[in-house]
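Asker: Have a look at the structure that comes next, please.
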Amino acid sequence: MNANFLAEISQRGKGGAILNKLTIKNNVPTKILSEGEQRSIALANFLAETSLHNENICMVFDDPVSSLDYKRRELIVDRLAEEAKNKQVVIFTHDLTFLLSMQNKCSMLNLDCVCTTILKIKTTTGIVDDKLPWIGATVKIRTGYLKNELQNIRSVYKNTKTPQELNEYNRRAKLWCEELRETWERSIEELLFNGAVQRFSPSIETQRLKKAPFSYKLYSEIESGMKKCSDWVHDRAAGLGDKVPTPEELDEYLSECERFTAKVRKLIN
(Lines give C-alpha, C1' and ligand atoms only; values in the text may rest on other atoms or scores of the structure.)
Protein backbone atom coordinates (compact mmCIF):
# COMPACT_ATOMS: atom_id res chain seq x y z
CA MET A 1 0.00 0.00 0.00
CA ASN A 2 3.07 2.25 0.29
CA ALA A 3 1.58 3.85 3.41
CA ASN A 4 4.59 3.89 5.74
CA PHE A 5 4.26 7.34 7.35
CA LEU A 6 5.39 6.44 10.92
CA ALA A 7 1.82 6.91 12.04
CA GLU A 8 -0.13 4.98 14.65
CA ILE A 9 -3.76 3.91 14.80
CA SER A 10 -5.39 3.95 18.22
CA GLN A 11 -8.70 2.18 18.77
CA ARG A 12 -11.57 2.40 21.22
CA GLY A 13 -15.00 0.86 21.38
CA LYS A 14 -18.21 2.87 21.39
CA GLY A 15 -21.78 1.70 21.02
CA GLY A 16 -20.80 -1.70 19.68
CA ALA A 17 -18.47 -0.16 17.06
CA ILE A 18 -14.70 0.20 16.92
CA LEU A 19 -13.44 3.74 16.32
CA ASN A 20 -9.99 4.29 14.84
CA LYS A 21 -7.93 7.42 15.39
CA LEU A 22 -4.82 8.35 13.42
CA THR A 23 -2.00 9.79 15.54
CA ILE A 24 1.55 11.03 14.88
CA LYS A 25 3.81 11.85 17.80
CA ASN A 26 4.07 15.59 18.49
CA ASN A 27 2.07 16.44 15.36
CA VAL A 28 -1.48 16.82 14.14
CA PRO A 29 -1.98 14.36 11.22
CA THR A 30 -4.14 16.74 9.20
CA LYS A 31 -1.36 19.34 9.24
CA ILE A 32 1.41 17.15 7.84
CA LEU A 33 -0.42 14.49 5.85
CA SER A 34 -2.42 15.07 2.69
CA GLU A 35 -5.94 13.74 2.34
CA GLY A 36 -4.64 11.00 0.05
CA GLU A 37 -1.97 9.94 2.55
CA GLN A 38 -4.54 9.77 5.34
CA ARG A 39 -6.78 7.65 3.13
CA SER A 40 -3.90 5.31 2.32
CA ILE A 41 -3.15 4.78 6.01
CA ALA A 42 -6.82 4.17 6.76
CA LEU A 43 -7.07 1.60 3.94
CA ALA A 44 -3.87 -0.14 5.03
CA ASN A 45 -5.16 -0.36 8.59
CA PHE A 46 -8.56 -1.62 7.46
CA LEU A 47 -7.10 -4.34 5.24
CA ALA A 48 -4.66 -5.42 7.94
CA GLU A 49 -7.45 -5.67 10.50
CA THR A 50 -9.84 -7.61 8.26
CA SER A 51 -7.09 -10.12 7.46
CA LEU A 52 -7.02 -11.16 11.14
CA HIS A 53 -10.49 -12.73 11.02
CA ASN A 54 -11.47 -15.53 8.65
CA GLU A 55 -15.16 -14.69 9.09
CA ASN A 56 -14.66 -11.43 7.18
CA ILE A 57 -15.88 -12.68 3.82
CA CYS A 58 -17.09 -9.39 2.33
CA MET A 59 -15.56 -5.91 2.21
CA VAL A 60 -17.30 -2.72 1.06
CA PHE A 61 -15.42 0.39 -0.13
CA ASP A 62 -16.69 3.84 -1.02
CA ASP A 63 -14.37 5.52 -3.56
CA PRO A 64 -11.19 4.03 -2.05
CA VAL A 65 -8.86 5.89 -4.45
CA SER A 66 -10.29 9.39 -4.04
CA SER A 67 -7.48 12.00 -3.70
CA LEU A 68 -4.76 9.43 -4.46
CA ASP A 69 -2.01 9.73 -7.08
CA TYR A 70 -1.97 7.19 -9.91
CA LYS A 71 0.93 5.12 -8.48
CA ARG A 72 -0.85 4.48 -5.19
CA ARG A 73 -4.14 3.93 -7.05
CA GLU A 74 -2.53 1.06 -8.95
CA LEU A 75 -1.24 -0.44 -5.70
CA ILE A 76 -4.76 -0.37 -4.30
CA VAL A 77 -6.16 -1.94 -7.48
CA ASP A 78 -3.66 -4.79 -7.11
CA ARG A 79 -4.45 -5.27 -3.43
CA LEU A 80 -8.24 -5.25 -3.85
CA ALA A 81 -7.99 -7.73 -6.71
CA GLU A 82 -5.88 -10.01 -4.50
CA GLU A 83 -8.50 -9.74 -1.75
CA ALA A 84 -11.19 -10.67 -4.28
CA LYS A 85 -9.57 -14.08 -4.74
CA ASN A 86 -10.86 -15.10 -1.31
CA LYS A 87 -13.56 -12.58 -0.42
CA GLN A 88 -16.37 -10.64 -1.99
CA VAL A 89 -15.22 -7.09 -2.62
CA VAL A 90 -17.89 -4.44 -3.22
CA ILE A 91 -16.72 -1.05 -4.48
CA PHE A 92 -18.73 2.12 -4.99
CA THR A 93 -17.02 4.59 -7.31
CA HIS A 94 -17.70 7.34 -9.83
CA ASP A 95 -14.12 7.12 -11.16
CA LEU A 96 -14.11 5.46 -14.60
CA THR A 97 -10.30 5.31 -14.64
CA PHE A 98 -10.34 3.28 -11.45
CA LEU A 99 -13.18 1.10 -12.76
CA LEU A 100 -11.22 0.33 -15.93
CA SER A 101 -8.14 -0.57 -13.90
CA MET A 102 -10.18 -2.92 -11.71
CA GLN A 103 -11.79 -4.57 -14.74
CA ASN A 104 -8.42 -5.09 -16.42
CA LYS A 105 -6.83 -6.51 -13.28
CA CYS A 106 -9.74 -8.89 -12.68
CA SER A 107 -9.53 -10.02 -16.29
CA MET A 108 -5.81 -10.77 -15.90
CA LEU A 109 -6.51 -12.82 -12.75
CA ASN A 110 -9.63 -14.53 -14.19
CA LEU A 111 -11.82 -13.02 -11.47
CA ASP A 112 -15.51 -12.26 -11.93
CA CYS A 113 -16.13 -8.52 -12.10
CA VAL A 114 -19.81 -7.52 -12.13
CA CYS A 115 -20.64 -3.85 -12.71
CA THR A 116 -23.89 -2.12 -11.77
CA THR A 117 -24.80 1.53 -12.26
CA ILE A 118 -26.66 3.53 -9.61
CA LEU A 119 -28.30 6.64 -11.04
CA LYS A 120 -29.86 9.86 -9.88
CA ILE A 121 -32.70 11.06 -12.11
CA LYS A 122 -33.92 14.52 -11.19
CA THR A 123 -34.65 14.29 -7.45
CA THR A 124 -34.84 10.49 -7.32
CA THR A 125 -31.69 8.68 -6.20
CA GLY A 126 -30.65 5.05 -5.93
CA ILE A 127 -32.01 3.92 -9.31
CA VAL A 128 -30.21 0.70 -10.23
CA ASP A 129 -29.31 -0.17 -13.82
CA ASP A 130 -27.49 -3.37 -14.74
CA LYS A 131 -25.71 -1.60 -17.59
CA LEU A 132 -22.64 0.62 -17.51
CA PRO A 133 -22.96 4.21 -18.76
CA TRP A 134 -22.30 4.47 -22.49
CA ILE A 135 -18.97 6.20 -21.90
CA GLY A 136 -17.69 3.19 -19.94
CA ALA A 137 -19.21 0.46 -22.16
CA THR A 138 -17.06 -1.94 -24.18
CA VAL A 139 -17.38 -2.47 -27.93
CA LYS A 140 -19.32 -5.71 -27.32
CA ILE A 141 -21.82 -3.98 -25.04
CA ARG A 142 -22.21 -1.08 -27.47
CA THR A 143 -22.85 -3.25 -30.52
CA GLY A 144 -25.44 -5.22 -28.54
CA TYR A 145 -27.20 -1.99 -27.60
CA LEU A 146 -27.10 -0.71 -31.19
CA LYS A 147 -28.60 -3.96 -32.45
CA ASN A 148 -31.51 -3.69 -30.02
CA GLU A 149 -32.02 0.00 -30.74
CA LEU A 150 -32.08 -0.71 -34.48
CA GLN A 151 -35.16 -2.87 -33.95
CA ASN A 152 -36.93 0.12 -32.40
CA ILE A 153 -35.83 2.33 -35.28
CA ARG A 154 -37.21 -0.21 -37.77
CA SER A 155 -40.59 0.01 -36.05
CA VAL A 156 -40.57 3.82 -36.24
CA TYR A 157 -39.67 3.68 -39.94
CA LYS A 158 -42.35 1.09 -40.72
CA ASN A 159 -45.09 3.15 -39.05
CA THR A 160 -44.04 6.52 -40.48
CA LYS A 161 -46.98 8.30 -42.10
CA THR A 162 -46.59 11.99 -41.29
CA PRO A 163 -43.79 14.56 -41.71
CA GLN A 164 -43.43 14.66 -37.92
CA GLU A 165 -42.95 10.90 -37.76
CA LEU A 166 -40.41 11.06 -40.59
CA ASN A 167 -38.48 13.75 -38.70
CA GLU A 168 -38.50 11.50 -35.64
CA TYR A 169 -37.04 8.63 -37.68
CA ASN A 170 -34.38 10.93 -39.12
CA ARG A 171 -33.45 12.15 -35.64
CA ARG A 172 -33.15 8.64 -34.22
CA ALA A 173 -31.21 7.37 -37.23
CA LYS A 174 -28.74 10.24 -36.88
CA LEU A 175 -28.22 9.60 -33.17
CA TRP A 176 -27.80 5.88 -33.87
CA CYS A 177 -25.11 6.64 -36.46
CA GLU A 178 -23.33 8.90 -34.00
CA GLU A 179 -23.24 6.10 -31.44
CA LEU A 180 -22.02 3.65 -34.08
CA ARG A 181 -19.19 6.05 -34.92
CA GLU A 182 -18.25 6.19 -31.23
CA THR A 183 -18.23 2.37 -31.20
CA TRP A 184 -15.79 2.34 -34.11
CA GLU A 185 -13.62 4.81 -32.19
CA ARG A 186 -13.66 2.64 -29.07
CA SER A 187 -12.66 -0.40 -31.18
CA ILE A 188 -9.41 1.38 -32.06
CA GLU A 189 -8.17 1.57 -28.47
CA GLU A 190 -9.82 -1.61 -27.18
CA LEU A 191 -9.11 -3.97 -30.10
CA LEU A 192 -6.82 -2.51 -32.75
CA PHE A 193 -4.24 -1.55 -30.11
CA ASN A 194 -5.31 -4.38 -27.78
CA GLY A 195 -5.97 -1.97 -24.92
CA ALA A 196 -2.36 -0.76 -24.82
CA VAL A 197 -3.55 2.86 -24.97
CA GLN A 198 -6.89 3.72 -23.39
CA ARG A 199 -8.25 7.15 -22.63
CA PHE A 200 -9.30 6.25 -19.08
CA SER A 201 -6.04 4.50 -18.22
CA PRO A 202 -3.27 6.38 -16.35
CA SER A 203 -0.53 4.48 -18.19
CA ILE A 204 0.37 2.86 -21.51
CA GLU A 205 0.57 -0.93 -21.29
CA THR A 206 3.35 -1.62 -23.77
CA GLN A 207 3.19 -5.39 -23.26
CA ARG A 208 -0.23 -5.41 -24.88
CA LEU A 209 1.31 -4.10 -28.10
CA LYS A 210 2.81 -7.56 -28.68
CA LYS A 211 -0.64 -8.80 -29.73
CA ALA A 212 -1.93 -5.55 -31.19
CA PRO A 213 -3.02 -6.44 -34.76
CA PHE A 214 -2.79 -2.95 -36.27
CA SER A 215 -2.19 -2.92 -40.03
CA TYR A 216 -2.91 -0.57 -42.92
CA LYS A 217 -5.59 -2.94 -44.20
CA LEU A 218 -7.43 -2.85 -40.88
CA TYR A 219 -7.05 0.92 -40.79
CA SER A 220 -8.70 1.11 -44.22
CA GLU A 221 -11.65 -0.95 -42.96
CA ILE A 222 -12.10 1.38 -39.99
CA GLU A 223 -11.91 4.44 -42.20
CA SER A 224 -14.52 3.00 -44.56
CA GLY A 225 -16.91 1.98 -41.79
CA MET A 226 -16.62 5.27 -39.92
CA LYS A 227 -17.14 7.33 -43.07
CA LYS A 228 -20.47 5.67 -43.82
CA CYS A 229 -21.99 6.49 -40.44
CA SER A 230 -20.18 9.84 -40.12
CA ASP A 231 -21.99 11.25 -43.16
CA TRP A 232 -25.15 11.42 -41.04
CA VAL A 233 -23.56 12.72 -37.84
CA HIS A 234 -22.37 16.10 -39.10
CA ASP A 235 -24.49 18.97 -40.39
CA ARG A 236 -24.67 18.26 -44.12
CA ALA A 237 -24.46 20.83 -46.87
CA ALA A 238 -27.86 21.74 -48.32
CA GLY A 239 -26.71 20.76 -51.80
CA LEU A 240 -26.35 17.14 -50.72
CA GLY A 241 -30.08 16.75 -50.17
CA ASP A 242 -31.85 15.22 -47.19
CA LYS A 243 -31.56 11.50 -47.96
CA VAL A 244 -31.34 9.50 -44.73
CA PRO A 245 -30.22 5.84 -44.63
CA THR A 246 -32.96 3.23 -44.38
CA PRO A 247 -33.00 0.65 -41.56
CA GLU A 248 -31.55 -1.87 -44.02
CA GLU A 249 -28.60 0.44 -44.67
CA LEU A 250 -28.13 1.02 -40.95
CA ASP A 251 -28.11 -2.74 -40.46
CA GLU A 252 -25.31 -3.08 -43.00
CA TYR A 253 -23.31 -0.33 -41.25
CA LEU A 254 -23.55 -2.28 -38.00
CA SER A 255 -22.78 -5.62 -39.65
CA GLU A 256 -19.61 -4.13 -41.12
CA CYS A 257 -18.53 -3.06 -37.63
CA GLU A 258 -19.31 -6.49 -36.18
CA ARG A 259 -17.36 -8.26 -38.95
CA PHE A 260 -14.40 -6.01 -38.26
CA THR A 261 -14.41 -6.56 -34.48
CA ALA A 262 -14.81 -10.34 -34.90
CA LYS A 263 -11.82 -10.42 -37.26
CA VAL A 264 -9.63 -8.39 -34.90
CA ARG A 265 -10.56 -10.52 -31.88
CA LYS A 266 -9.41 -13.62 -33.77
CA LEU A 267 -6.08 -11.94 -34.54
CA ILE A 268 -5.60 -11.07 -30.87
CA ASN A 269 -6.45 -14.54 -29.64
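Asker: Please enumerate the residues belonging to region 195-227 that are open to solvent by less than 80 Å² (accessible area, probe 1.4 Å), in contact with a Leu (Cβ under 9 Å, 6 or more places away or on another chain), closer than 16 Å to Glu182 by Cα and part of a helix (DSSP H, G or I).
Answerer: Ile222, Gly225, Met226, listed by residue number.
Asker: Got at least one residue in region 141-162 being in a helix (DSSP H, G or I), among the basic types (Lys, Arg) and under 30 Å from Asn104 (Cα atoms)?
Answerer: Yes: region 141-162 contains one or more residues that are in a helix (DSSP H, G or I), among the basic types (Lys, Arg) and under 30 Å from Asn104 (Cα atoms).
Asker: Within region 141-157, can you find the residues that are in contact (Cβ under 8 Å) with a residue 60 or more places away in the chain and open to solvent by 50 Å² or more (accessible area, probe 1.4 Å)?
Answerer: Once the filter is applied, which keeps residues that are in contact (Cβ under 8 Å) with a residue 60 or more places away in the chain and open to solvent by 50 Å² or more (accessible area, probe 1.4 Å), region 141-157 yields Lys147, Arg154, Tyr157.
Asker: Does Leu119 meet the test of being in a strand (DSSP E or B), under 26 Å from Leu180 (Cα atoms) and open to solvent by less than 90 Å² (accessible area, probe 1.4 Å)?
Answerer: Yes, satisfied.
Asker: Report yes if some residue within region 158-177 is at positive phi and surrounded by 17 or more Cβ atoms within 10 Å (Cβ to Cβ); otherwise report no.
Answerer: Checking region 158-177: not a single residue is at positive phi and surrounded by 17 or more Cβ atoms within 10 Å (Cβ to Cβ).
Asker: Restricting attention to region 29-55, which residues are charged (D, E, K, R), open to solvent by 60 Å² or more (accessible area, probe 1.4 Å) and either in contact with an Asp or Glu (Cβ under 9 Å, 6 or more places away or on another chain) or in a helix (DSSP H, G or I) (or both)?
Answerer: Hits for region 29-55 are Lys31, Glu35, Arg39.
Asker: Can you tell me which residue among Val90, Val128 is at pLDDT 95 or above, more than 20 Å from Glu179 (Cβ to Cβ) and touching a strand residue (DSSP E or B) at 6+ places or on another chain (Cβ under 7 Å)?
Answerer: Val90
Asker: Looking at region 56-112, which of its residues are open to solvent by less than 60 Å² (accessible area, probe 1.4 Å), closer than 23 Å to Leu191 by Cβ and in a helix (DSSP H, G or I)?
Answerer: Passing the criteria: Val77, Leu96, Thr97, Phe98, Leu99, Leu100, Ser101, Met102, Gln103, Asn104, Lys105, Cys106.
The values are calculated or read from the model by the stated rules, or taken from the named source; none is laboratory data. Since this is a predicted model, take the numbers as computed values, not measurements. Positions of Cβ are backbone-derived with ideal geometry, glycine not excepted, and every protein chain shown enters the neighbour counts. Areas reflect the complete protein model, heavy atoms only, side chains present, ligands, DNA and RNA absent. Shrake-Rupley method; radii C 1.70, N 1.55, O 1.52, S 1.80 Å.
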